[in-house]
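Worksheet for the structure shown next.
The values are calculated or read from the model by the stated rules, or taken from the named source; none is laboratory data. Just so we're clear, the structure is a prediction, and the values are computed from it rather than from any experiment. All Cβ positions, even for glycine, are placed from backbone atoms using ideal geometry, and neighbour counts span all protein chains on display. The accessibility values were calculated without ligands, DNA or RNA, using every heavy atom of the protein model including side chains. Shrake-Rupley method; radii C 1.70, N 1.55, O 1.52, S 1.80 Å.
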Amino acid sequence: MSIVEVKIKAQKESSYPIIIEGGLLDNAVYHIKCFSNANKFLVVTNETVFPLYGDKLKSDDTHFIVLPDGEEYKTTEYLNKILDKALEIKLERKDAIVALGGGVIGDMAGFAAAIYQRGIDFIQIPTTLLAQVDSSVGGKVAVNHKLGKNMIGAFYQPKLVLSDINTLKTLDERQFKTGLSEVIKYAFIEKSCGAEKDYNLFDFLKNNRAEIYAKKPDVIAELIKICCELKAAVVNQDEKEKGLRAILNFGHTYAHAIENITEYKKYTHGEAVSIGMKLIFELAKKLNAVSEEYYNSAITLLKDYELITGLDFKPDKEAFYNAMKSDKKVSDSSINFVMPVDRFKVQIINNIDKNLVLAGI
Ligand SMILES: NC(=O)c1ccc[n+]([C@@H]2O[C@H](COP(=O)([O-])OP(=O)(O)OC[C@H]3O[C@@H](n4cnc5c(N)ncnc54)[C@H](O)[C@@H]3O)[C@@H](O)[C@H]2O)c1
Ligand SMILES: [Zn+2]
């Protein structure tokens, strides 16, 4: 069993463990009860995950709300359905909401927990690789608005995260690769995360590709642990994204524009991020921010993992640039880039010439 302790410097009571192991769901109710004094638990899940893992959480104290599956349901309308259910079953302040699913369910259930009766206990059981390495760590919870993604939300830390790596066995390859994109992102920012230990994630990824694709349990558990340690180190220093936390958006300035102009339909988030990482490395090379050697090894890693590294159509450059500018991470109308500047180190850089930014598109 691996445990990552997430500490938030600014608020001591927000520390919580991420437990990573295969088979955790078999004793999920027991684990949850060790970390919460709740009498009642509302499990939020969806129509895909419930038939796979819902049974594992059934008990006299658990109630379920099963939502339709998809990002398009991550809305205030479905958030209200969670709140309605919580009121119907008379969930009280000491009770808890449990998210069982990927990032969509985690973000929505977490936001419901943050606002229901001004905040009740929240427990995450992430079941996608992306959720296990990224969205379940760090306490960002939200729903989408028709005018922007994740626009209505909060920072709300869970009491416990249970990452059962066995759930990854039922994940399809496309979703698994989507998570791998975020994993590879951590390799490129590792030395800027401020973690106490040197994990050398880049080499770990280079040396364990076959084992990772075979979902070998000890390798997957180690991989998830490293990513959680790196994200936890960043969040510890900057919970509310006042500075450092922005480095987690490596590759995302391009990715968000790609998702935006393709109306979130053509690519998964991870696919947009892998294309975005290739584009930012190209930009860095043009600006002489990285060596030819580092650039080549980074692109080789993306290709070895068979991640998508290019758009298969020519977008309108003006529309693409406007989408980059409308991203909520833009400050003072200048686009911020998380730029690779050395092996596994990044820096936030802005005011880059528009033609250079768009050269790789
Ligand atoms: N809060 C954060 O910090 C943060 C960070 C990154 C992403 N996100 C959010 O996360 C969401 C994306 O998360 P995601 O990639 O997990 O997508 P998702 O939640 O839509 O899950 C992807 C698909 O996999 C299915 N699924 C989940 N677990 C499964 C399993 N074990 N076996 C088979 N199928 C399974 C889901 O039903 C869905 O169809 C986005 O809404 C994004 O905004 C949040
Ligand atoms: Zn992302």
Quiz item: At Ile115 and Phe313, where each label point lies 7 Å from the Cα along Cα→Cβ, what is the point-to-point distance in nanometres?
Solution: 3.4 nm
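Can you give the charge dipole size of the range 61-169 about its Cα centre, rounded to the nearest 20 debye, using +1 on the beta carbon of Lys and Arg and -1 on the beta carbon of Asp and Glu?
Working: 12 positive and 13 negative charges, 52 e Å.
Dipole about the Cα centre, nearest 20: 260 debye.
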Quiz item: Over the range 142-199, what percent of the accessible surface lies on carbon and sulfur atoms, probe 1.4 Å?
Solution: 49 percent
Quiz item: Carbon and sulfur together cover what percent of the accessible area of the range 1-141 at a 1.4 Å probe radius?
Solution: 48 percent
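Which entries of Lys40/Lys140; Lys240/Lys314; Lys185/Lys242; Lys206/Lys285; Lys285/Lys325; Lys81/Lys317 show an alpha-carbon separation above 31 angstrom in the structure shown? Kindly include the intermediate steps, with their values, before the conclusion.
Values: Lys40/Lys140 24 Å; Lys240/Lys314 36 Å; Lys185/Lys242 20 Å; Lys206/Lys285 22 Å; Lys285/Lys325 22 Å; Lys81/Lys317 40 Å.
Table pairs above 31 Å Cα-Cα are Lys240/Lys314; Lys81/Lys317.
Expected output is a single nm value to one decimal: the length gained when fully extending between Ala359 and Leu287, i.e. 0.36 nm times separation in residues minus the C-alpha distance. What is it?
Full-extension gain reported as 24.7 nm.
About the Cα centre of the chain, what is the dipole size in debye to 20, counting +1 per Lys and Arg Cβ and -1 per Asp and Glu Cβ, all else neutral?
The calculated dipole for the chain is roughly 640 debye.
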Quiz item: Label-point separation (nm) for Ala10 and Leu147, each offset 7 Å from Cα along Cα-to-Cβ?
Solution: 2.5 nm
Exercise. Quick one: what are the phi-derived ³J(HN,Hα) couplings along the range 65-73, Karplus 6.51/-1.76/1.60 with θ = phi - 60°, whole Hz, x for glycine and proline?
Key: 10, 10, 9, x, 8, x, 4, 5, 9
Quiz item: Under the classification rounded if a/c is under 1.5, otherwise prolate if a/b is larger than b/c and oblate if not, where does the range 1-105 fall, given a ≥ b ≥ c as square roots of the Cα gyration tensor eigenvalues?
Solution: rounded
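Remind me, what semi-axes does the chain give for its equivalent ellipsoid, largest first in whole Å, using sqrt of 5 times each Cα gyration tensor eigenvalue?
34, 22, 19
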Exercise. Just check the range 120-259 against the gyration tensor rule for me: Cα atoms, a ≥ b ≥ c as the square roots of the eigenvalues, rounded for a/c under 1.5, and otherwise prolate or oblate depending on whether a/b exceeds b/c.
Key: rounded
Exercise. Provide, for q = 0.15, 0.20, 0.24 Å⁻¹, the log10 of I(q)/I(0) from a solvent-free Debye sum over equal Cα point scatterers in the range 85-142.
Key: -0.39, -0.65, -0.87
Quiz prompt | Solvent-accessible area per residue for the range 134-236 (1.4 angstrom probe, square angstrom) | solution = 40 Å²
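Quick one: accessible area per residue over the range 273-355, 1.4 Å probe, rounded to a whole number of Å²?
Values: 4180 Å² over 83 residues.
Ligands and nucleic acids excluded, the figure is 50 Å² per residue.
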Quiz item: Accessible area per residue, 1.4 Å probe, Å², for the range 50-102: what's the number?
Solution: 52 Å²
Practice problem: For the range 229-293 and the range 1-73, write down the distance between their C-alpha centroids in whole Å. | Solution: 28 Å
Quiz item: How many nm separate the modelled label positions at Lys215 and Gln237, each set 7 Å beyond the Cα in the direction of the Cβ?
Solution: 3.5 nm
Quiz item: Could you give the radius of gyration (one decimal) and Dmax (whole number) of the Cα atoms in the range 1-46, in Å?
Solution: 12.7, 34
Quiz item: Which whole DSSP H helices in the chain pass both tests: a Cα extent of 27 Å or more along the axis and a mean Kyte-Doolittle value no lower than -0.5?
Solution: 217-237
Self-check item: Antiparallel %, DSSP beta bridges [both residues in the chain], to 5
Solution: 40 percent
